[in-house]
Amino acid sequence: MERAGCIEMMYPELEDKVVVTIMGASAQELYNLGHRENFFYLQHAMGLASSIGLGLARHLPNERVVVLDGDGSVLMNLGTFVTLARYRPKNMIHVVFDNGSLLSTGGFDSQTASGMTDIAAIARGAGIEHVAAVATTTDFGEAFVEALERNDLSVIVAKVAAVGPEHYGMDLHLPENGFRFKRWIAERKRAGQPVTA
Amino acid sequence: MQNTRHVAPAARYFLRFIPAASMTVSYENSKIIFDGIKAAGIKSLSALPETWLGLLLQRAEDDPDIELFQVAKEEEAVGIAAGAYFAGTPHVLLMQNHGFFGAINGIVSLAQLYHVPLCMLIAYRGHWGEPYPWHTRGGIVTEEVLRALSIPFEYARSPERVAKQIREAWVFSQSSLSPVALLLTRDLMEV
């Protein structure tokens, strides 16, 4: 299973979600499908995408927040799972693409590559109830749909191949991305915070 | 020998340097700071519990109008603060200076890189009057680290001024789209 395929499968659903991605391939693959104002790409500060998601989700109870994370990033902030478990944002889906690799920085194996470290087990052990571990595109799609239908914090750990886009680059300055993302949220709030299905 | 104290050898060694009447956290000033946070319009707080901040956090926990996030490490709070900012909810971060050190990559590579304001209230441990050796290194370098990161900071020393300083820190963080720090000093936090 490739991450790009998973993101492509999710893409139509992300139209009205508040989306935060990590740096590198995940950001680029989402961007390549077509940037939207409700996508925030955290191009650095590895590990904090899910913390941003928590802050968004708890303060935007009428929105759905989707975080696209990765093994290299989440390993830098494993504490995020215990904080997520504690505050349990019901409107947040935390997808961790586990390719066992620090792909964007040269493809070195991450600690999950050995097969010993199980991110889904870490999330469960932290106290998160709904954790899915998937390895096929079909299972990923099902897990994502279940998470969308479930009104509770959901973590999906998706084993994916260590491949990424051929080219990196966005026509979007980093602060500009943040400013526009914030404005999109503010306009949604002004419009009356539509509750998404 | 009178007044035998049952303490571990290491603690006994350090206790030689600590005044017999040990300091306690100021209940009154903790209340003044919390009231100042609320008066500044803050609705959301992230924190890692630490001695000087304990009474403040208890108040936050008991206040239904404050959304409190207790984090496992302070860098998480930078992410949560950014999320709150994007969501339009006024948020402040409470941390010890050592926690601030642990949050620096998030401060630089999220807050400063993306122009996300952070209003940080930092317990300024390890400086003048500090009896605990383990706090001293961090206390000594705090000011220079803040300067190196171009983070504007002020010292909060008096209960008469602290509420205004919190409001001003908040206002400046928002207008400059930058992290700012208010250092909560021993004068303010202990009695």
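The values are calculated or read from the model by the stated rules, or taken from the named source; none is laboratory data. It should be emphasised that the depicted structure is a prediction, and the values quoted were computed from it without experimental measurement. Cβ coordinates were reconstructed from backbone atoms using ideal geometry, including for glycine residues, and neighbour counts include every protein chain displayed.
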Look through B:V171, B:V180 and report the one residue that is part of a strand (DSSP E or B) and either more than 15 Å from B:F34 (Cα to Cα) or aromatic (F, W, Y) (or both). B:V180
Within the range B:109-146, can you find the residues that are among the β-branched types (V, I, T) and either within 14 Å of chain A (Cβ to nearest Cβ) or outside any helix (DSSP H, G or I) (or both)? B:V116, B:I122
Is it the case that B:L182 is modelled with pLDDT of 95 or more, within 18 Å of B:A81 (Cβ to Cβ) and more than 12 Å from the chain's Cα centre (by Cα)? no
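Each row is one residue, and each column tells you yes or no for (1) among the hydroxyl-bearing types (S, T, Y); (2) surrounded by fewer than 16 Cβ atoms within 10 Å (Cβ to Cβ); (3) closer than 20 Å to A:G70 by Cβ.
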| residue | (1), (2), (3) |
| --- | --- |
| A:R124 | no, no, yes |
| A:G141 | no, yes, yes |
| A:E176 | no, yes, no |
| A:K182 | no, no, no |
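Looking only at the range A:17-39, count every residue that is in a strand (DSSP E or B), touching a residue at least 60 places away in the same chain (Cβ under 8 Å) and within 11 Å of another protein chain (Cβ to nearest Cβ) and tell me the total.
Filtering the range A:17-39 down to residues in a strand (DSSP E or B) leaves A:18-21, A:39.
Applying the additional criterion that residues be touching a residue at least 60 places away in the same chain (Cβ under 8 Å) yields A:18, A:39.
Adding the requirement that they be within 11 Å of another protein chain (Cβ to nearest Cβ) leaves A:18.
Total meeting the criteria: 1.
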If you check A:F144, A:F179, A:F140, which single one turns out to be more than 20 Å from A:L75 (Cβ to Cβ) and in contact with a Cys (Cβ under 7 Å, 6 or more places away or on another chain)? A:F140
Being in contact (Cβ under 8 Å) with a residue 24 or more places away in the chain and over 28 Å from B:K164 (Cα atoms) is the filter; apply it to the range B:106-134 and report the residue that is surrounded by the fewest Cβ atoms within 10 Å (Cβ to Cβ). B:P133
Collect the residues in the range B:78-108 that are part of a loop (DSSP other than H, G, I, E, B) and more than 7 Å from chain A (Cβ to nearest Cβ), keeping them in residue-number order. B:P90, B:A103
Within the range A:151-188, considering residues that are more than 18 Å from A:E8 (Cβ to Cβ) and of a type in the set (D, E), the one farthest from the other protein chains (Cβ to nearest Cβ): A:D152
Among the residues of the range B:46-75, count how many are in contact with a strand residue (DSSP E or B) (Cβ under 9 Å, 6 or more places away or on another chain) and closer than 27 Å to B:E130 by Cβ. 16
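Which members of the range B:162-175 meet the condition of being small (G, A, S) and over 19 Å from B:E143 (Cβ atoms)?
Of everything in the range B:162-175, those that are small (G, A, S) and over 19 Å from B:E143 (Cβ atoms) turn out to be B:A163, B:S175.
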Whether any residue in the range B:66-85 is of a type outside the set (S, T, Y), out of contact with any Asp or Glu (no Cβ under 7 Å at 6 or more places or on another chain) and in contact (Cβ under 8 Å) with a residue 60 or more places away in the chain is what I want to check. no
With the checklist (1) more than 17 Å from A:N177 (Cα to Cα); (2) more than 13 Å from the chain's Cα centre (by Cα); (3) at pLDDT 95 or above; (4) of a type in the set (G, A, S) in hand, flag the one item A:S51 doesn't pass. (2)
Which is under 14 Å from the mean Cα position of the chain (by Cα) and more than 23 Å from B:G36 (Cβ to Cβ), of B:G102, B:G106? B:G102
Give the residue that is farthest from the chain's Cα centre (by Cα), with candidates limited to residues of the range A:147-174 that are in a helix (DSSP H, G or I) and surrounded by 14 or more Cβ atoms within 10 Å (Cβ to Cβ). A:L174
Given the range A:40-91, what helices (runs of 4 or more DSSP H) lie entirely inside it while holding 2 or more residues that are more than 7 Å from chain B (Cβ to nearest Cβ) and within 15 Å of B:E74 (Cβ to Cβ)? none
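Among what's in the range B:159-168 and is outside any helix (DSSP H, G or I) and charged (D, E, K, R), pick the residue that is surrounded by the most Cβ atoms within 10 Å (Cβ to Cβ).
B:R161
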Taking the range B:52-77 and keeping residues closer than 17 Å to B:G102 by Cβ and either at pLDDT below 95 or within 14 Å of chain A (Cβ to nearest Cβ) (or both) leaves B:F69, B:Q70, B:V71, B:A72, B:K73, B:E74, B:E75, B:E76, B:A77
